[in-house]
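Here's the structure we're looking at; comments come further down.
What follows is calculated from the coordinates using simple rules that are stated; it is not laboratory data. Keep in mind that what you see is a predicted model, and the values were worked out from it rather than measured. Using ideal geometry, Cβ is built from the backbone for each residue, glycine included, and neighbour counts are taken over all protein chains shown.
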Amino acid sequence: MFKRLSLSAALLTAATAPAFAHLDPLAHGSFAAGLTHPIFGADHVLAMVAVGLWATQIASQSGRRSALWIVPASFVGTMALGFFAAVLGVQLPFVEPAILASVIGLGLLVALAVRVPLAASAAIVGIFALFHGHAHGAELGAAGALQFGLGFIAATALLHLAGVLLGISVSRAAPSITRAAGAITALAGLSLAFGG
């Protein structure tokens, strides 16, 4: 078990190399660019998968299967608001630190299997999502924003789905694996914050 966790941690740490590796704004502006964009930043991938993992924990703990879609939908919806607010020129402070905090925070929420009411869970992920969306809208500008935004939203939803499916599959066998994934996510977030 320790060897697997060590290997996972090493792989996630290696994956942090492309963090903040955002595309040239001139390359943006298409649905395909938006769809592929989230995979270029480990910070985004880690946070978005963690949302899906936490949603499965909430559903399992509370017996409310609606958490499987309410928590990710809160992230996607608020992220879209942040994205289009940035495209319209609305300023938001501390965007990059908040994104790093989201990776660490969401990882810890999963690692500790934190129980809060469903509405509070949706609000927590929504706050983090606002900054994720804003970061991408701010770097894009208005050109092609709608197409890029739709692709970015679709990619985010797919990453949440991956987290949900992962959470469901491992929770049946060993819920501790989900918590370990959360701990690795938080550690990777710390690596991003202090390593680069």
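Determine whether the range 23-44 contains at least one residue that is closer than 21 Å to Leu166 by Cα, in contact with a Phe, Trp or Tyr (Cβ under 9 Å, 6 or more places away or on another chain), free of Cβ contacts under 8 Å to residues at least 24 places away in the same chain and outside any helix (DSSP H, G or I). Taking every residue of the range 23-44 in turn, at least one turns out to be closer than 21 Å to Leu166 by Cα, in contact with a Phe, Trp or Tyr (Cβ under 9 Å, 6 or more places away or on another chain), free of Cβ contacts under 8 Å to residues at least 24 places away in the same chain and outside any helix (DSSP H, G or I).
Taking the range 51-69 as the range and being aromatic (Phe, Trp, Tyr) and either surrounded by 24 or more Cβ atoms within 10 Å (Cβ to Cβ) or in contact (Cβ under 8 Å) with a residue 24 or more places away in the chain (or both) as the test, only Trp54 passes.
Assess whether Ile153 counts as being surrounded by fewer than 18 Cβ atoms within 10 Å (Cβ to Cβ) and not acidic (Asp, Glu).
Against the criterion (surrounded by fewer than 18 Cβ atoms within 10 Å (Cβ to Cβ) and not acidic (Asp, Glu)), Ile153 does not qualify.
Please enumerate the residues belonging to the range 70-86 that are surrounded by 18 or more Cβ atoms within 10 Å (Cβ to Cβ) and closer than 17 Å to Leu158 by Cβ. Within the range 70-86, Val71, Pro72, Ser74, Phe75, Val76, Met79, Ala80, Phe83 qualify. A single entry from Val125, Val170, Val110 fulfils the requirement of being out of contact with any strand residue (DSSP E or B) (no Cβ under 8 Å at 6 or more places or on another chain), under 25 Å from Gly63 (Cβ atoms), buried (at least 18 other Cβ atoms within 10 Å of the Cβ) and free of Cβ contacts under 8 Å to residues at least 60 places away in the same chain: Val170. The condition of being crowded, with 18+ Cβ neighbours inside 10 Å and under 16 Å from Phe40 (Cα atoms) holds for only one of Leu158, Leu192, that being Leu192. Screening Ala135, Ala119, Ala98 for residues that are among the aliphatic types (A, V, I, L, M), free of Cβ contacts under 8 Å to residues at least 12 places away in the same chain and part of a helix (DSSP H, G or I) leaves exactly one candidate, Ala119. Residues that are out of contact with any Ser or Thr (no Cβ under 8 Å at 6 or more places or on another chain) and of a type in the set (Gly, Ala, Ser) were ranked within the range 128-142; the one that is surrounded by the most Cβ atoms within 10 Å (Cβ to Cβ) is Gly137. The single condition among (1) of a type in the set (A, V, I, L, M); (2) more than 25 Å from Ala174 (Cα to Cα); (3) in contact with a His (Cβ under 8 Å, 6 or more places away or on another chain); (4) crowded, with 18+ Cβ neighbours inside 10 Å that Ala42 does not meet is (3).
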